[in-house]
Amino acid sequence: MNDPHHPPAQPSSPQPPPAPAGPGSTPPVPLEDASSQALAEALRSSFAIVKVIMVGLVLLFLGSGIFVVKPGEVAVLLRFGKPVGTGAERLLEPGWHWAWPYPIDQPVRIRVGESHTVTSTAGWHATTPELEAQNQDPPPRGFLSPEADGYTLTADGNIMHARATIKYRISDPIQYTFDFANGNEILTNVVNNALFYAAARVTADDALYKNKAAYRDLVLERVRQKVETLQLGIALEPSDVETKAPVDVREAFEQVNAAEQEKSKVMSDARGYRDEVTRKAVGEAQAILSSGLVSSNRIVSDLAAFASYFQDQLPYYRRDPRLFENRLLTTTMERVLTNAQDKFFQPERIDELRLLLSREPLKREVPATR
């Protein structure tokens, strides 16, 4: 039946058949083939974009493995947690390097071109940064607080404070970094041990006043021995060791030290005076001995000359003793009369000769001065 409200459908006119393709024209594409072709082209474009993105991601992934080792550093490349290479080849010098990105490879940088410092305060008194900056000690409290103040015991049973500042450089980066969990803390423990070890072998006077250098050398030598035994892979540099008496008894230590210095000064002065007197006495004794030796040599020489002279005169005496005696007397009288100022002659025929011994001295004229 026909719907009265709707007109009856008109029969569709038949489509004309497609015109035959000419020799130079493109054959028409069916609708379904065009859709498939567009889809294929879209998929090809998408795959190309995905390939470009994947290649970029791969390049970015590989490029992320590039790293730089700065001057003053060396690096060790860990592959799955183990160092790559053997011996010195494991150390990467400053410059550009490449590694597989994490988590395959992981570079570990080690600063070997700078000096590191470890400070041991296990034997040092409690203080504050402000007091340290002003180089001041905390005020006396009248007692030692073991929970806050560090101290060391000396060989003579005294208490003192000691602190060491050790400087070092890393000489074997692999040992220092991979053989120990924390080389810095281990070195701190070694320095603590050295402070107490050295304090137990010196007296308080030596460590505080008389011979600080000996205590410092003993601490540093102990640290050096322990570092070599443990093979920490570090090289020690010139370091410093400080010592102080507890603030509550420091005045007493200083008084004792002052008394010791005064004693040393007095003894030094006494030794100096003793040495001076001894040198003077030795010099005088040497002069006396030298003078006596010269005199003895002179007397011996004179006696030898006299002996030689008398030995030479012996033949003359044997030949005519009387003549020899007269000649010797004449020679002696010549020498005596030559040196005598006043001469008195007694004639042989006069039995008495009177001499005025207390006569008036002769007056000598003094030339007038101009």
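The values are calculated or read from the model by the stated rules, or taken from the named source; none is laboratory data. From a predicted model like this one, the values you see are computed outputs, not experimental measurements. All Cβ positions, even for glycine, are placed from backbone atoms using ideal geometry, and neighbour counts span all protein chains on display.
Take Asp206 and decide whether it is among the acidic types (Asp, Glu), touching a strand residue (DSSP E or B) at 6+ places or on another chain (Cβ under 9 Å) and assigned by TED's automatic domain parsing to the domain that holds Val227. Spell out the reasoning first.
Working: among the acidic types (Asp, Glu): yes; touching a strand residue (DSSP E or B) at 6+ places or on another chain (Cβ under 9 Å): no; assigned by TED's automatic domain parsing to the domain that holds Val227: yes.
Criteria not met by Asp206.
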Original post:
In region 90-116, which residues are surrounded by 12 or more Cβ atoms within 10 Å (Cβ to Cβ) and within 34 Å of the chain's Cα centre (by Cα)?
Top reply: Arg90, Leu91, Leu92, Pro94, Val108, Arg109, Ile110, Arg111, Val112, Gly113, His116
Original post:
Which ones in region 122-181 are part of a helix (DSSP H, G or I) and touching a residue at least 24 places away in the same chain (Cβ under 8 Å)?
Top reply: Pro173, Ile174, Gln175, Tyr176, Thr177, Phe178
**OP:** For region 295-308, state whether one or more residues are in contact (Cβ under 8 Å) with a residue 12 or more places away in the chain and outside the structural domain of Ile166 (by TED's automatic domain parsing).
**Re:** no
